[in-house]
Structure formats: structure tokens, C-alpha cells
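Student: To start, I am sharing the structure in question, which I have written as C-alpha cells.
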Number of protein chains: 2
Amino acid sequence: MKWSKFWLIVLAASLTGALAFAQALSPEQVEQGKQIYFQRCAGCHGVLRKGATGKNLEPDKLKKEGLSAEAIKAIITNGMGGMPAWGKLGILKPDEIDLMAKFLLSPVPEPPKWTFADVKKSWKVHIPVSQRPTKPETSRNWRNFFGIVLRDMGQVAIVDGDTKELVKILPTGYATHILRSSADGRYFYAIGRDGRAEAIDLWSKEPTLVAEAKVCLDARSIDTSKFKGYEGKYAVVGCYWPSNFVVLDGQTLEPLKMVSTQGYVQSKGEFLREDRVASIVSSHFSPEWILNIKEGGQTWLVNYSQMNLKGQPLTVKMIDTDRFLHDGGWALDKRYFLVAANAVKKIAVIDAKTGEFVASVPVGNKPHPGRGATWNHPKYGPVWATGHIKDNKIAVIGTDPQGHPQYAWKVVKMIETISPGNLFIKTHPNSPWLIADFTVAPTPKANATLCAWRKDDLDKPPVCWEVPGARKLKARMVHIEFNKGGSEFWVSAWANKDTPSFIAVYDAITLQEKTRITGDWVRTPTGKFNVYNTANDIY
Amino acid sequence: MKWSKFWLIVLAASLTGALAFAQALSPEQVEQGKQIYFQRCAGCHGVLRKGATGKNLEPDKLKKEGLSAEAIKAIITNGMGGMPAWGKLGILKPDEIDLMAKFLLSPVPEPPKWTFADVKKSWKVHIPVSQRPTKPETSRNWRNFFGIVLRDMGQVAIVDGDTKELVKILPTGYATHILRSSADGRYFYAIGRDGRAEAIDLWSKEPTLVAEAKVCLDARSIDTSKFKGYEGKYAVVGCYWPSNFVVLDGQTLEPLKMVSTQGYVQSKGEFLREDRVASIVSSHFSPEWILNIKEGGQTWLVNYSQMNLKGQPLTVKMIDTDRFLHDGGWALDKRYFLVAANAVKKIAVIDAKTGEFVASVPVGNKPHPGRGATWNHPKYGPVWATGHIKDNKIAVIGTDPQGHPQYAWKVVKMIETISPGNLFIKTHPNSPWLIADFTVAPTPKANATLCAWRKDDLDKPPVCWEVPGARKLKARMVHIEFNKGGSEFWVSAWANKDTPSFIAVYDAITLQEKTRITGDWVRTPTGKFNVYNTANDIY
């Protein structure tokens, strides 16, 4: 090649580069885009944009589908499928939507790192174990406390379940996702979507944040060791990004061990850097946690019983279950764990006693059980149920292969509901009702409505009611939680951050509203966790 | 910014880019560099150049150390530390060394991918199981066959251990690293450095390649299920790149499951994309393989007993042992597995019966045991020994905590040898001698020398002899292997590919040379594996 030709190529290349540069986002815009993407999009679409609950959003894919910036803006504004109408709901402003359309058509930025050293550096013990009470110092009935996530406030409120009084508001990480309880109920463990884990001591005079650690950059799950002899010894955080799980000391949250979950799709497909821990439960049958690895479609049984030995052995039983695992819970006997694989419309069943994958049950479109609801049905025996985001159905599954083999791992009843868009269902052994919300239903009326079915007669039409005042607040009723005795259940009215809303308290037998928890602090209440029911997996 | 200024910046940027481009390697040169790097460098320095047995070679690190292209060329030419003098030995030509110096100062290219689909596509069954013999069809004493790696020929020779006749030459992958035997000895499993796994049936009229699969792009280890009831059921390949292991059907080599080994350094350090499976052994105490994860410093006990259940569960016990794990073998009772962590000068000990990490024994500089050598010493009881690459020492370790607790997991004897640069030691229950080579010693005389110590009297000076004719061939004596009865041992003369060399056969008691295996086919012989001893872990 002659030099003149060479320079011509160089010049052409730099012109192309300059044009690309002229169209690109500024570093500040990229930062803002990354921030919005993390808060609103990554959960469903993945930080690498390869899709999970939501579709693949890689720029090449979007371009191949012919999606222009204008089309993307329209979708973000108006929502699509299970995706909220970010614009219409006023969550994203027009200039933010404009930015996001450009951001999505730009190359995927390399996600940041978060190493064990970073976790360790972030670890803080606010109250050393030696300075904590040795018996409850509160005169309240702390076992009936409710931990209430005030989602967009970055707070958790502790409310007395007996008196309905606000006991304490604690600052937590960004959009706390869930609370879990130590086996004795003393500690609440909170995990923020920003990966911040916190331990809250309920035995102090007032609930106190005793330890914290930023375990990852994006997380959804936390649990604690519940097997006899290991109660409260360890905690575990399941991370979205980086895709791993971290074992912590249960008392101090000291980071102990970090295990990557990156791997191959069901051990036979492509390699995934983003292979997220969707949910965790703690076994009562063995010193194990059950972790659900979303993109890889694997369930990992993690045995923590040898962590105290030389080399901190941790044993991971890797089972190929179903893809895009999400959330799940225990059947009535706490032996069988059922987890939704929402993209393949299935419920995978793990036997915690034998460690076996026993069944994969076809259900409706996008099952979303939370932890599900479980009870003893007069005909079908012990059953477990899940609602669906995209179907107006509740699937009731037989879970008793010993006593009721003919119904085991079959949908014994597909209950028709008033609308798709259910997020949570719940019951309690002392309540005759199965309660459901319609939080992501397409109509404001459904969003404000709750329904209850008789657990012993699923053919009976449900009792449904619109919660008075919810629509006026533009609130969605979300997440049902019973009190310790199961005599009442609470449901959050999830409105905008700027609007104080309420938590409605219902009689668990008559379904009559007993009272409302209100106050200026009641903003964006979502998940609620009763100490006794959470510690003992009652749902 | 004004447009004129903007264009000035663009022009400056393109000039800088052009200069960088002018200095850079052509795509063909990059390809050649990658090829040479893979064949000669990646094993010790890692494909991402982050270092392992060898030093970190990332371009930024090299530049920070002030290493010019000239300095790098000098090191490649003359060798350094444990690194061969690639130039002086005539393995790399001056223009190749020149290229490699530039290649090492250029950015690390992204290593290629190799997915489960690729493995599956590469899988070939040459002889279906139904068409294989049901009993040995050879009249030879196949249990005394030797599989001999002809390293640079990409071949494995099967030699009759009774008659010393060449039985068959089989084409195998690039630089076959090891052979392993099925529990019954019928099949040889070969693994090439290029990740090609092969099964050779010794029951056919003549040894036959019955199945193959290219499991990875770079590999070192293979083994088979040896536990009672699982004999020959599964095979496993440990990969360097991509860093994972793959479970195969033991009879057909059908790929069944792929598990990533990428993870955190000893579960508490940085994340490693290159976290290689260094070696594998098959437990006799449980349905487990023991895998050594080099960079991460973990030993994984992989239980294959539930692979036939729904979801193909595979249980991995992850133990933090020592960093830069390499090779290892069983103690006399086959209960304790000892593995070298060569960068930290330690031998890690795993109890295959309890699955515990029992000890970490400090030894000399860069221990390189191969599988080691093990015998019952009159004073110390059962011992296991390793030589060293960088020390003129053989470390003898007590391995009997029950019978000889005072010696267990201690170096009971540090034997002084004639030179550093030992690669392999070996013995047999029927031989009174412990034999050592000096393959990577700094002098041609040591390379051609073998030494033998009396196992029952380690203080006695060794018998050492220079192998006649080896130096003339510029050969290095390497790898000792005994025959089935332990009456003789064979050592390879590893010369240049262009030069036929020999395998020397010695009487295992008198140490007299009995015969030499020669022929035009005897080129670059290295590892040798006797069927009976390999199947039964006798060393």
C-alpha cells in the first residue's frame, strides 16, 4: 500500500469516528443512563441487556428489529407486555426517556466490578455482639413486629403488630427488596437492590441497625442459616451483579466467602457472565440454602455445615431445573420447595430432604408466587399456589406425593381471577382465605382491588373488593402479610413517593377492614414481613 | 468547542492512531503470535497473561518493569528461572522470537470461545459400544501395554510391555498431555493440550480409537469414574481455556455437562476468568473426582453419583486449599490425596474419605510431583514424595496419621539430589528404588542422568548414572514408568522431533539397562502409562 493511500484510509477512518463521536452521549449522559437503567431496567433486562424476564435489549438486536429511537421512546412511555408505562406513570420524565432511547442504541457499557475486598471495606459493625442485649429489652411483643419496606424512601419501618404503632424507621439501602428473619426472629436481615445488606436487632430497646455490608452492586435475596444447631450462624446474599453469592457471619455480617454463579445455561448452553441469584430459601431439613440461578436455569443446594473447617468447604449441589428462575417458597411440610421459572411457564419442585429435583409443573403465563401460599385442602391434601403476572389465573398444585399421589405435582385447580397482573398471594393456617392482589394489572380499578377465595372450596366465587381511597391516591394495593396469630392481614397501598398513603388491616375471617395504618411516614409501602411468620416460613 | 478546534483534535487523534497502527502487528502476525503463545507460553503464564507458574506478562506490567523488546527477546532466547531457552534450544527461530517480543508488548487478544455446542459438534463415536468386543480380542497381555506419548508428533504409541513390540500408533491431539485408564484398564483416555479427548479401546484386535471430542481449546487433565459401581461410567476433562470441566459419557465420550471454574481467588480475592483445572484424580473412597483449580487455589470434590437423576445433579465441594495448584497423587492407602501448590512451595493434603482438607505441608521451591511416589518406610510408615523444579531436593512426607501420627504431614526427609530440574519421580511396590529424572536441569549432563535411592534407607547415597547416548542425541531423560509386575522401569529419551531417540528399559532391582526401545517412530517420547499401574494408581 502506498503511503498516500494509507493516509487516505486513516482520514476516512477518523471522519467515521468523528461522526460516531458526534452522535454519542456525553460521559455525564452515559452515567445518567447507566443509573436509570440500573434502577428501572436491569432487573428484568439484565445489566448486559441479554434479557431475562424482559426481552433482549442489546443495541444490535434492537437495530435488527428496526426499532428507532422514536419507537423505543414510545415503548418506554407507554409500557409494553409486563413493562410499566414509565412515562405515563410519571416515573421517567420525557428528557430521561429521550436519553434512555439513545442509551439503549449505544454500546453496552462494561458493568463495574465489586470484589471481595470492596465488600470487606464496606462492612461495618455498628453494635458489637458483646454489646447487644442477651434478652429482649423491649416490652413490646416483638415477635409480632412487622418490617415494612418503604421502597422509594430507602427505609424500613418497624411497626408493632399488636398496637399498630410505628416503632422505628431505619434507613436502608436503595429500594430494599426483602426482609428475612433469623430462625429465632430476633434479627431482621434486609437486602437493598443496591446490594446493601443490613442486620436489625429487634431485642434492643428500639430496633437497631447492628451491622451492614455492601455485598454487591445489585441484589435481590438474603437469608440466614435455619437448620437446627446453625440458627443465626450464617447469612447469605444472592447477587445480581456481579453474579455470585456471598456467605456472611450471621451476627456481624462479616464477609466470609464469595462464590461465582457465572456458568453455562443449564450446564449445556452458552456461557453467561450475568447468571443471577434470583431467590434463596433456607432448608429446615439440612444445613442448606436453596439458591435459584436465574439465567442459567439451575438450582443450587448450598451446604454450609463445614464452613468452620480448614479451607472453609462449601458444598454446592448444582441441579439443572428450569430457565429464568425467579421466586418461590415452601410447601406446607417445608420439605418441598417450589420455584417459578417464569419465562417457561413452569414451577420447578425440589425435595429438600433428598436434594432431588422431583418435578416441573406447567402453569400459566409468567407465574409470580413470591413465596406462594400453602394449605391443607380437604380433597387435594397439602397444596401450594401461585398467581401469574400475565394470566388471570391462580394455579393450585398438589404437594403430597405420599398421602395424595394422584394430585402430586399437578395443577389440581386453575382458579380464574378478575385480572392478570397479580404479584402476591398469601394465606395463614388460621385464616380460611387465600388473598390476592392485582398490583400490575392493566386497570387502576384492578390495582385497587383485592380478592379472597375460600381455601376449602375453590369453586366458590371469590369475595372481591375495591379498597376505598386507593384509586384517589393513584395507589396499587400490594403484598399481603398476616400477623403472628393469623387473625388479621395487612396490605400496602403503594402510591407515589410524594403522597403519604396507608396500610389497610383486615380481619382474617370476616375480611372487614379493621383499621388503617397512616402517617406522613407511610410513603411507598410495599413488602411487609411479620417476624413470627417470616422466621417460621408461614405463608 | 469550536469546530476548527474539534477537527484539530480529531486529526491529532488519527495521527496517534496511525502511529500506533504502524507499530502494530499485522493480523497474520497476531495469529502467529497467538499460536506460538498458546503452544509455548500459555501453560505457565496463562492465556490472559496474568501469570501462574510463570510470571505476569501483561503488556502494562512488562512496560512498567522497563522491559524493552530487546530485553524480552534476550529472555526468550536464553531462558530464565524455570523457563526453557526457547532460542538456544532451537525451538523458536530468531524471527519468531522477534515476533513474540512485539506480541507480548501488544494488548492481550481476547481468547476465543468454546461452547458446549462446539464440544457437542466435535464429538465423534468411531466405534459404537454395540460394535465393540465383549472380551479382549487381542492375544497380547494388554494389561501390560504401555501408552507412550510422542509429544511433538501428536501421537500415542501403544507398546507391548512383555515383548517391547510396537503394537499401534494412534494419532491424537496436539501434544497429548496425559493418558488415564478406565478402572478395568480396557480404555485409555488421552487428553491433548489442544483439549481433544480420546478413548482408545485395548480389547480390539489392535488398539482402536473408539471415540473423541474436542472438549476445550487448552486442557491438561482427564480421568474416569473409578468408584465401585461407577467403573467406566463417566469421564471428566479439566480445561485450561475456557476454564471449566466437562463430564462425558465414559464409553462414548458424549458430552453431558459443563461446569465453569471461573471464580474468586480462594473465595476471597479478585475474580478470575482464567481459573484453570490443573489436575484431576478419581477417588476410590466415594463416587468423586478431585479437581485442582490452579489460579483460584481451590480443590473441588465433584460427586458424580447423581448424574443419572432428573436435572443431572452434580455436587461440588469447594475447599480453599493453596494457590497455583498443579499436579498430585495418592498416598499409599489411596485415602489421602497430595497436590502441589507450586508457587507457594506447599503440598496440600485432602482426605478423600472425609472430604476434609487436612494439612498444608511446606516443601521446597516449585514442587512438581507428577503423581508423586509412595511406599511404606520402615521408620516413617507410609510416605509420599515429590521432587522440585527449582530445588535439588526430594521431599518425603509422612502420610499415616493413624499409625505414625508423629510423622504425619511433615517432611520426614529432605533428600538432596544432584541438581534442580527434576520433573518426575516414581517407584513400584516391588522395586526397592525411588527413581528421579532431571529433565529441566540446567546442564545437558544432568538432563541425561537418572538417580535411584533406596526406599528403605534414604540416607544412603543414590545410585546415579548418565544414560549412554542421550547427550549425543541432545535428549533429556524424562518420566519413569514401571511395568505391570514392577520388575522393570522405562524412561524416555526426549530429543528433537527430527531425531529418532529411544526408551531405555531398566531392571527394577539391579538398575541395569535391559534393552532399548528404538525405531523411526520413537520421536519425542515423553509420558508413558502402563495400563495396570495407571488403572490401579500404582506409583
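Student: Quick one: how many residues across the range B:28-70 are farther than 23 Å from B:Lys93 by Cβ and free of Cβ contacts under 8 Å to residues at least 40 places away in the same chain?
Tutor: Number satisfying all stated conditions: 8.
Student: Shifting gears a bit: Based on this model, can you work out whether B:Gln262 counts as surrounded by fewer than 23 Cβ atoms within 10 Å (Cβ to Cβ) and within 8 Å of chain A (Cβ to nearest Cβ)?
Tutor: The answer is yes for B:Gln262.
Student: Working only within the range B:319-335, note down all residues that are within 23 Å of B:Ser267 (Cβ to Cβ) and either without any contact (Cβ under 8 Å) to a residue 60 or more places away in the chain or within 14 Å of another protein chain (Cβ to nearest Cβ) (or both).
Tutor: B:Ile319, B:Asp320, B:Thr321, B:Asp322, B:Arg323, B:Leu325, B:Asp327, B:Gly328
Student: Continuing with this model, one more query. Do you know which residues across the range B:77-97 are in contact (Cβ under 8 Å) with a residue 12 or more places away in the chain and either within 15 Å of B:Gln35 (Cβ to Cβ) or touching a His at 6+ places or on another chain (Cβ under 6 Å) (or both)?
Tutor: Answer for the range B:77-97, where residues must be in contact (Cβ under 8 Å) with a residue 12 or more places away in the chain and either within 15 Å of B:Gln35 (Cβ to Cβ) or touching a His at 6+ places or on another chain (Cβ under 6 Å) (or both): B:Trp86, B:Ile91, B:Leu92, B:Glu96, B:Ile97.
Student: Residues of the range A:484-494 being surrounded by fewer than 21 Cβ atoms within 10 Å (Cβ to Cβ) and of a type in the set (S, T, N, Q), which ones?
Tutor: Correct list: A:Ser487 only.
Student: Among the residues of the range B:323-335, is there at least one that is aliphatic (A, V, I, L, M), under 21 Å from the mean Cα position of the chain (by Cα) and in a strand (DSSP E or B)?
Tutor: Checked the range B:323-335: at least one residue is aliphatic (A, V, I, L, M), under 21 Å from the mean Cα position of the chain (by Cα) and in a strand (DSSP E or B).
Student: Additional query: Counting only residues that are assigned to a loop (DSSP other than H, G, I, E, B) and among the hydrophobic types (A, V, I, L, M, F, W, C), which one in the range B:153-210 is nearest to B:Pro287 (Cα to Cα)?
Tutor: Only one residue tops the list, namely B:Ala183.
Student: Can you name every residue in the range B:496-509 that is modelled with pLDDT of 95 or more and not acidic (Asp, Glu)?
Tutor: If the condition is that a residue be modelled with pLDDT of 95 or more and not acidic (Asp, Glu), then B:Pro500, B:Ser501, B:Phe502, B:Ile503, B:Ala504, B:Val505, B:Tyr506, B:Ala508, B:Ile509 are the ones that fit.
Student: Okay, moving on. What is the one condition in (1) crowded, with 17+ Cβ neighbours inside 10 Å; (2) touching a residue at least 40 places away in the same chain (Cβ under 8 Å); (3) assigned to a loop (DSSP other than H, G, I, E, B) that B:Pro133 does not satisfy?
Tutor: Result: B:Pro133 passes all but (1).
Student: Sort through A:Leu309, A:Leu301, A:Leu253 and tell me the only one that's in a strand (DSSP E or B) and either within 30 Å of A:Trp203 (Cα to Cα) or within 13 Å of chain B (Cβ to nearest Cβ) (or both).
Tutor: A:Leu301
Student: Can you pull out every residue in the range A:186-242 that is more than 20 Å from the chain's Cα centre (by Cα), within 23 Å of A:Ala157 (Cα to Cα) and not hydrophobic (A, V, I, L, M, F, W, C)?
Tutor: Matches in the range A:186-242: A:Arg186, A:Asp201, A:Ser204, A:Lys205, A:Glu206, A:Pro207, A:Thr208, A:Gly232.
Student: Given the criterion within 11 Å of chain A (Cβ to nearest Cβ) and at pLDDT 95 or above, identify the matching residue among B:Val281, B:Val316, B:Val237.
Tutor: Result: B:Val316 is the single residue among B:Val281, B:Val316, B:Val237 that is within 11 Å of chain A (Cβ to nearest Cβ) and at pLDDT 95 or above.
Student: Now a separate question. Could you please find all residues in the range B:499-513 being in contact with an Asp or Glu (Cβ under 9 Å, 6 or more places away or on another chain), closer than 17 Å to B:Ile148 by Cβ and part of a strand (DSSP E or B)?
Tutor: The answer is B:Ala504, B:Val505, B:Tyr506.
Student: Name the single residue, out of those in the range A:380-424 being of a type in the set (Ser, Thr, Tyr) and over 20 Å from the mean Cα position of the chain (by Cα), that is nearest to A:Arg335 (Cα to Cα).
Tutor: Once the filter is applied, the top-ranked residue is A:Thr399.
Student: Just to verify a result, which residue in the range A:501-537, among those that are polar (S, T, N, Q) and loosely packed, with under 15 Cβ neighbours inside 10 Å, is farthest from A:Thr374 (Cα to Cα)?
Tutor: A:Thr518
Student: Which condition number does A:Ile418 fail, the rest of (1) in a loop (DSSP other than H, G, I, E, B); (2) under 22 Å from A:Ala52 (Cα atoms); (3) of a type in the set (A, V, I, L, M, F, W, C) being met?
Tutor: (2)
Student: Among the residues in the range A:448-459, are any polar (S, T, N, Q), in a loop (DSSP other than H, G, I, E, B) and buried (at least 17 other Cβ atoms within 10 Å of the Cβ)?
Tutor: Checked the range A:448-459: no residue is polar (S, T, N, Q), in a loop (DSSP other than H, G, I, E, B) and buried (at least 17 other Cβ atoms within 10 Å of the Cβ).
Student: Does B:Phe271 meet the test of being more than 10 Å from chain A (Cβ to nearest Cβ) and surrounded by fewer than 24 Cβ atoms within 10 Å (Cβ to Cβ)?
Tutor: The answer is no for B:Phe271.
Student: Taking only the range A:222-250 into account, find how many residues are of a type in the set (Lys, Arg) and either under 30 Å from A:Cys41 (Cβ atoms) or part of a strand (DSSP E or B) (or both).
Tutor: Here the count works out to 0.
Student: Continuing with the same structure: So for the range A:356-369 (the condition being within 21 Å of the chain's Cα centre (by Cα), under 26 Å from A:Lys317 (Cα atoms) and part of a strand (DSSP E or B)), does at least one residue qualify?
Tutor: For the range A:356-369, residues within 21 Å of the chain's Cα centre (by Cα), under 26 Å from A:Lys317 (Cα atoms) and part of a strand (DSSP E or B): present.
Student: Continuing with this model, one more query. Determine which single condition B:Leu217 fails, assuming it passes every other condition in (1) crowded, with 24+ Cβ neighbours inside 10 Å; (2) within 14 Å of chain A (Cβ to nearest Cβ).
Tutor: (1)
Student: Looking at (1) touching a strand residue (DSSP E or B) at 6+ places or on another chain (Cβ under 9 Å); (2) on the phi < 0 side of the Ramachandran plot, find the lone condition where A:Thr134 falls short.
Tutor: (1)
Student: Okay, moving on. Return the residues of the range A:473-483 that are surrounded by fewer than 18 Cβ atoms within 10 Å (Cβ to Cβ) and at positive phi; say none if nothing qualifies.
Tutor: Matches in the range A:473-483: A:Lys474 only.
Student: For residues that are modelled with pLDDT under 95 and of a type in the set (D, E, K, R), tally how many sit in the range B:157-203.
Tutor: Matching residues across the range B:157-203 total 2.
Student: Restricting to the range A:303-315, give me the number of residues that are touching a residue at least 40 places away in the same chain (Cβ under 8 Å) and buried (at least 21 other Cβ atoms within 10 Å of the Cβ).
Tutor: Within the range A:303-315, residues that are touching a residue at least 40 places away in the same chain (Cβ under 8 Å) and buried (at least 21 other Cβ atoms within 10 Å of the Cβ) number 2.
Student: Right, here's the next one. Against the condition hydrophobic (A, V, I, L, M, F, W, C) and without any contact (Cβ under 8 Å) to a residue 60 or more places away in the chain, how does B:Ile200 come out, does it pass?
Tutor: Answer is yes for this residue.
Student: Which numbered condition in (1) among the hydrophobic types (A, V, I, L, M, F, W, C); (2) at pLDDT 95 or above; (3) part of a loop (DSSP other than H, G, I, E, B) is the only one that B:Leu89 fails?
Tutor: (2)
Student: Quick check on the range B:284-298: of everything there that is farther than 17 Å from B:His326 by Cα and not in a strand (DSSP E or B), which residue is farthest from the other protein chains (Cβ to nearest Cβ)?
Tutor: The extreme case among them is B:His284.
Student: For B:Asp249, are the conditions met, namely being of a type in the set (Asp, Glu) and under 22 Å from B:Asn530 (Cβ atoms)?
Tutor: Taking the combined requirement at face value, the residue does not satisfy it.
The values are calculated or read from the model by the stated rules, or taken from the named source; none is laboratory data. For clarity, every value in this text was computed on a predicted model and none was experimentally measured. In this analysis, Cβ positions are derived from the backbone assuming ideal geometry, glycine residues included, and neighbour counts consider all displayed protein chains.
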